Amino acid sequence: MQRTSILALASLATLCAGAAAHAQAWKSDYETGITEAKRERWGSAREAFQRAIQKKPLDDTKPTGMPGPITERRFWRNGSPYSANLLAAYSGYRLAAKMEKEEERTALLGTVAKELETLLDKKTAGSNAVFLLGEIYTALGQLEKRGELQQRAVNRDWREDTEIIAPEQVSITAGAGNAATNPPVNPSTNPPVNPPVNPPVNPPIKPTTPTATGPGQTTIGGVALMETKFALVIGNATGQLPDMVLPHAVEDATLVKEQPTNYAGYPAANVTTLTNVSAAEIRTAATTLADRMPAGATLTIFFAGVASNVNGRDYLAGIGALSIVDTNDMILKEDLYQIFFAKEARIFAFYECHRPSRDSRIFGGTDHPVDGQYAEMYSIYAGGRVPTTFRNGKRLAVFADAFSQTLQFYRTNQIPIGEFAWKLIDFFKTGASGTSGGSSKLAPTLPIANRLAADAKF
Amino acid sequence: MERLLKNRMFSLNAGLSSLGMLALAGFGHAQVADMLSAFDAGSRSSGAGGALTGASPDTLATYYNPAALAYIDRKTLNIVQKNLPNGRNSVVGKYYDQTKTTTNRSGNQAVTHVGFAVPMSSLRKGGIGTLAFSYTIGGYLEESSTGPTNSALELIPGLGVRNFTEKKSAKSEFYTLAYGRTNGAGNFAYGVGLTVVNQLMQLRQTGLLVDGSGNEINPGASPISFPNVRTNGTGLGLLAGVMFSPVNNPDLSVWASLRTPIELNGVSKDAVSYDRIPGRLIAGGAIRRDGFRKGAQDYLVLATQVTYYFSGGASQFFDRSSQSVTSVGAEYYLVLGLARVPLRVGYQGITKGGRGFASRKGLTYGIGFQPGNGKYVLDLNYFQPSGGGGDTSITATYRF
């Protein structure tokens, strides 16, 4: 009997060892994909993930159990989800970014988009897959699809393996409007890889079919923060110029200051918000902010308050300005820009102010510095006054409201300024009441740019 | 064998010279629980009926199934303290045909296992598998018998034994060096071990030889000598085991191990000593299930295991026939944050393994605690046999 038992044990050992070797192949392929991706070999990585998919087709949000003692649960890759489909798509996305021929790039991105759409249809996708798909739609100029994507519910509980996804591109799973307060998925398992290579983007300047996404609506995954993005938000609601002051400017600034972080990839620490300040305080804050900026950073300025053109030059007024020609408490717009030009910053400025004509001089009308790279957008056409609306019981400028809605709509850290402006105008005119048409006697301006392309991104 | 005291059985006068042999052959009604081979040194799964002894990745794997060593991935120290079984008999009737009333009790506390495991990777780069050494008490029996003080156990007509006492004990100490490793996929483990056994056996009887009137015969120099024997022997055995989980279903595990019979060297052919520790076959299986608490990582392990002991050596006092242990148990791992609290319940049934012993069966319970860093684990287990004499064991595991 003992001899029989020994033979039985030996036979069992042989059978088990053979069966195990075959079943482990997908793990080997998957880990090869991870290794190749970390080496920036995106083509090889994609192929490896695709081999894994052939052996294990469906992504799985749950940890994959590993063989081991029955009394202890052990998981593959410390409990990582199995995301071969997502990572194959991501590898394709990164591979496309390196392609020189646009046809090939477009074809690959199209294939990857279909793969991600399939994941969504199978309900095996989380916020990262949705975020990636949104980026690809943007890259392909398929804004209708992007709009439709934003209407889809995202399974925020679906965990994804983000080990090879660049930190800047990891979707932040969060409730709408508060993405910045949520940590990235699996932060400890996502060592910095390499800075992402943004795929070439060539979207149309004007979106074809506007799609509104207002607060409270379903939104896609959070936007990765970029340390190179800064914002200066100013709201002056008081002053000595009753006809020019915007009483809602602080509310506008409060609304706006959250949006770059939540929807456009601006780290909260990089957003400086000033309310009811003097021109000197603006200068000081700008200098402090500029000192922190790396060369070539992106700066968004949102100014709500009194602005004036004095002797042909544009000024932003502090709350102590006694008249619209009193420059004692004003800062020259160009001086403000120069603080940041010195850091090679690209400036995207949004001015919310009344724009009366005085002696044919209008703020933003003629004074356009020739230095630096910047784009300026005004809340109302020349000669107009800032219209307001109500949101949550508070009076707000329509411009600030539309600015906020537009950032929420795009939800990306790479917003083309021209496209953004058109969308903002859409929101301005429709009040987010629908998806087409809309009209108003009032309208903000399109951007005025200096050495910036219409699709320059901020 | 070390012979400590000469077996001077009943060296009475010529007329009674054969009484010694007759007396030793006459004990057939003892009821002490048989733990001579089936003593559980106090594994962590004792509270689950011992149903997972062959699958637990701790140093007790050196004793039960060295394949489980393969899953020890850190240096690990295990120490078990447990009470030893103890049986007490009240004896009446005749000396040759005693009627015993047995009370099984919880005996003295003792360290029943000490083990240390070292992953080979910590000894040399690229090392595979785990090596472990342990000391384990794998068999234990302690039985005390007391006869009446106001009457005598009849030896032969007109001759009896008053104030009879007997103490019988045996202990099997296993010193094992074992090694276990897995295949590349990790779903199949195998292990081997080399074990050296030190077997202790002891028998001591005392009493007063009295005549039919109850008067002591030859007070002072007794005409007979009661047996007082203490022997030990050593032997060498081999151990091998396997453990398997399907690659695509790690929630299922089966295992088996085999220990060779161990021939004891130096054991004399007397009425006490037995010369072979039985071979042992363990086979078991378990499944794991989760999802019992929403959002929690709790899981349940259901296990069953059968341990079969082949026939061993036999002597008049320590008879070793085949014996089996049936274990069924459940472990529910309550996961609280990073900590785990295993809750155990089970049943264990041990058949008797020879003449003069009784079976043992009962329910088991246990609880453990493992904090988040997993460095140490404490387990407290309790076995409540139907015949009394519950076992309590405390198992401490430290992972370096």
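Scanning the range A:433-449 for residues that are within 14 Å of A:ILE347 (Cα to Cα) and either at pLDDT 90 or above or in a loop (DSSP other than H, G, I, E, B) (or both) returns a single hit, A:PRO447. Based on this model, can you work out whether B:GLY366 counts as outside any strand (DSSP E or B) and buried (at least 17 other Cβ atoms within 10 Å of the Cβ)? Criteria not met by B:GLY366. Do we have B:VAL111 as hydrophobic (A, V, I, L, M, F, W, C), out of contact with any Cys (no Cβ under 8 Å at 6 or more places or on another chain) and closer than 28 Å to B:PHE383 by Cα here? Taking the combined requirement at face value, the residue satisfies it. In the range B:250-266, the residues that are touching a residue at least 60 places away in the same chain (Cβ under 8 Å) and more than 8 Å from chain A (Cβ to nearest Cβ) form Cβ pairs under 9 Å with partners that are assigned to a loop (DSSP other than H, G, I, E, B) and of a type in the set (Val, Ile, Thr), at six or more places apart or across chains, as follows: B:TRP255/A:ILE70. Screening the range B:311-333 for residues that are more than 13 Å from chain A (Cβ to nearest Cβ) and among the hydrophobic types (A, V, I, L, M, F, W, C) and picking the one that is nearest to B:ALA51 (Cα to Cα) gives B:VAL328. Among the numbered conditions (1) at pLDDT below 85; (2) closer than 30 Å to B:GLY279 by Cα; (3) within 14 Å of chain A (Cβ to nearest Cβ), the only one that B:ALA240 does not meet is (1).
Modelled with pLDDT of 90 or more and away from every other protein chain (no Cβ under 14 Å): does that describe A:GLU47? So A:GLU47 fits the description; yes. Residue check: A:ARG395 meets all listed conditions (1) crowded, with 22+ Cβ neighbours inside 10 Å; (2) basic (Lys, Arg); (3) not in a helix (DSSP H, G or I) but one, namely (1). Only residues that are surrounded by 19 or more Cβ atoms within 10 Å (Cβ to Cβ), in contact with a helix residue (DSSP H, G or I) (Cβ under 7 Å, 6 or more places away or on another chain) and farther than 14 Å from B:ARG280 by Cβ were counted in the range B:245-269, giving 1.
Checked against the criteria, B:TYR175 does not count as within 14 Å of another protein chain (Cβ to nearest Cβ), in contact (Cβ under 8 Å) with a residue 12 or more places away in the chain and under 17 Å from B:PRO66 (Cβ atoms).
Among residues of the range A:66-87 that are free of Cβ contacts under 8 Å to residues at least 40 places away in the same chain and facing chain B (nearest Cβ under 9 Å), those with a Cβ under 7 angstrom from a residue that is buried (at least 24 other Cβ atoms within 10 Å of the Cβ) and assigned to a helix (DSSP H, G or I), sequence gap 6+ or separate chain, pair up as A:GLY68/B:TYR71; A:PRO69/B:ALA68; A:PRO69/B:TYR71. Taking (1) modelled with pLDDT under 95; (2) touching a strand residue (DSSP E or B) at 6+ places or on another chain (Cβ under 8 Å); (3) acidic (Asp, Glu) in turn, A:GLU352 satisfies each apart from (1). Of A:ASP29, A:ASP60, all but one fail to be more than 10 Å from chain B (Cβ to nearest Cβ), surrounded by fewer than 19 Cβ atoms within 10 Å (Cβ to Cβ) and either closer than 27 Å to B:GLN297 by Cα or at pLDDT 85 or above (or both); the exception is A:ASP60. Among residues of the range B:279-310 being within 11 Å of chain A (Cβ to nearest Cβ) and not in a strand (DSSP E or B), the one that is nearest to B:GLY354 (Cα to Cα) is B:PHE310.
The values are calculated or read from the model by the stated rules, or taken from the named source; none is laboratory data. Note that this is a predicted model, so its numbers are computed, not measured. Ideal geometry is used to build each Cβ from the backbone, glycine not excepted, and the neighbour counts take in all protein chains shown.
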